[in-house]
Amino acid sequence: MSAVRSESTPVLNARNLSLGFGRTTVLTDVDLTLHPQEFTAVVGTSGVGKSTLLRALTGLIAPHDGEVTIPARRADASRAWSMVFQAPRLFPWRRVRANVELGLEGLGLSRAERRRRAMEPLALVGLEEYAGRWPHTLSGGQQQRVGIARALAVRPQVLFMDEPFSALDAITRRRLQQELVELRRRTEAAIVFVTHDIEEAVSLADRVMVLGGQDTGHPAGVIDTVEVGLPLDGRRDHPAFSALVQRVEEMIA
Ligand SMILES: Nc1ncnc2c1ncn2[C@@H]1O[C@H](COP(=O)(O)OP(=O)(O)OP(=O)(O)O)[C@@H](O)[C@H]1O
Ligand SMILES: [Mg+2]
C-alpha cells in the first residue's frame, strides 16, 4: 500500500529543517514527506522537540533553516492542516455540534452545509447522538473524540495529533487507539501523531520517526525512521510486533 502512496503527490514536504528558539537549536536535519492517508508517528523523550516540529510543519513557527512546502492542495480540503492536542480544548458555552462547526465558520458555507459537515465526523467518532449535549456532560474520552471530530470537519490535508490520548485512562486510551485505526481508513488526511508511548506508535503508524541524540550543546535529530510494515488488523498480536517496539525503545534509550 505504501508503494502506491509514495507515487501520489505529497501533501507536505519538509527539507533539512533546523528548529529552535533564539540562539538555541533544538532539532536539526529533519526531512519528512507526507502523502495522503499516510500515518507517521513521532517519538522521542520529553523536550526533544516533537511539539516544536509539529508547530514548524504547520507554519506556526519559522524554521532556523530548511523549508516546509505544500506541493498539492486537495480540491475538497478546506484547510491545509488541523491539530488535536492532549486536552480537547472545547468551548464550554457551545454545544458539541457547535464546537465541531468552529473551524467551518468563515468558509462561506450555508448553515445547513455547516451542520452536515459537522455531523459527518461526529458520526465517524461515534458521537452523532451527542451533538446537542454540552461538553461538560461528556466523559474525557468523549470530549477528546469531539476534538478529533472538530479537527476532521475542516477536511485537513494533514491531521496533526500531539499526544492526543495521553490524558486518558488506559482502557479509554486503548479504545480510542482502535477507533483511530478505523478512522484512518476513512480519511484522506495524512496523519502525524506524536506520542511518548512506543507501543502506541508502532500499533498505529506506517512509520515511526525516532527523535533523539541530543547532548549538551548538541541539538537532537532524527535517529531513524522505522517502517512498520505489519498489517493494521491484529497488529499487537503479530509475532514481529514486540521486537519492533523493543527496537525503537533501544534507539531512544
Ligand atoms: N517558546 C519556547 N521558547 C524557548 N524554548 C522553547 C519554547 N518552546 C519549547 N522550547 C524548548 O524546546 C525544546 C523542545 O520542546 P518541545 O515542546 O518541542 O518538546 P517535546 O518533545 O514536545 O516534549 P514533551 O514530550 O514534553 O511534550 C525544549 O527544550 C523546550 O524547553
Ligand atoms: Mg510536546
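Worth pointing out:
- Among the conditions (1) within 13 Å of ligand 1 (Cβ to nearest atom); (2) closer than 24 Å to ALA153 by Cα, ARG89 misses just one, which is (1).
- Residue check for ARG73: over 29 Å from GLY212 (Cβ atoms) and buried (at least 16 other Cβ atoms within 10 Å of the Cβ): no
- Scanning the stretch 171-202 for residues being outside any loop (DSSP other than H, G, I, E, B) and closer than 16 Å to THR225 by Cα gives a total of 9.
- Some residue of the stretch 46-55 being within 13 Å of ligand 2 (Cβ to nearest atom) and touching a helix residue (DSSP H, G or I) at 6+ places or on another chain (Cβ under 8 Å): no
- Conditions (1) under 15 Å from the mean Cα position of the chain (by Cα); (2) assigned to a strand (DSSP E or B); (3) of a type outside the set (D, E, K, R); number of the one not met by THR225: (1)
- Hey, SER78 modelled with pLDDT under 95, within 13 Å of ligand 1 (Cβ to nearest atom) and surrounded by fewer than 22 Cβ atoms within 10 Å (Cβ to Cβ) or not: no
- Annotation note: of GLY147, GLY66, the sole residue that is touching a residue at least 40 places away in the same chain (Cβ under 8 Å) and more than 27 Å from VAL30 (Cα to Cα) is GLY147.
- Screening the candidates ALA240, ALA220 for the property of being surrounded by fewer than 23 Cβ atoms within 10 Å (Cβ to Cβ) and modelled with pLDDT of 95 or more yields one hit, ALA240.
- Every condition in (1) surrounded by fewer than 17 Cβ atoms within 10 Å (Cβ to Cβ); (2) touching a strand residue (DSSP E or B) at 6+ places or on another chain (Cβ under 7 Å) is met by ILE171 except one, and the failing one is (2).
The values are calculated or read from the model by the stated rules, or taken from the named source; none is laboratory data. Values in this document were obtained by computation on a predicted structure and should not be read as measured data. As a convention, Cβ positions derive from the backbone with ideal geometry for all residues, glycine included, and neighbour counts pool all protein chains shown.
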